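Worksheet: the structure to be examined is printed underneath.
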Amino acid sequence: MSRIRRFFYEAWQELKKVSWPTPEQARNLTVLVIAISFVVGMYITFFDVIFSEIAKKMNAG
């Protein structure tokens, strides 16, 4: 039981050392992640459509 208590105590001490982002930084980083995810999604969709069309033409011919 003391090992579990020590684990949580040490974990709490480490969390106190963390440099937490400000609400503005958290918001900006969230927007950045969403924007990059959207761009990567569009990139993947673009090439998926291109390769799907190529595959259809190769199977048809």
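Each reported figure results from applying straightforward, stated rules to the coordinates on display, with no laboratory input. These numbers come from a predicted model, not from an experiment.
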Completion exercise
Tilt, helix 23-60 to longest principal axis of the chain (alpha-carbon atoms), in degrees rounded to tens, equals 30
Problem - Evaluated at q = 0.12, 0.17 Å⁻¹: base-10 log I(q)/I(0), Debye formula over Cα of the chain - result: -0.63, -0.77
Practice task
Enter the angle in degrees (range 0 to 90, nearest 10) between the Cα long axis of helix 2-17 and the first principal axis of the Cα atoms of the chain, meaning the one along which they spread out most.
Solution key: 70
Handout entry: Extension gain from S37 to M1, taking 0.36 nm per residue of separation minus the Cα-Cα distance
Key = 8.6 nm
Problem - Residue-span extension gain [L15 to I54] - 0.36 nm each, minus C-alpha spacing - result: 8.8 nm
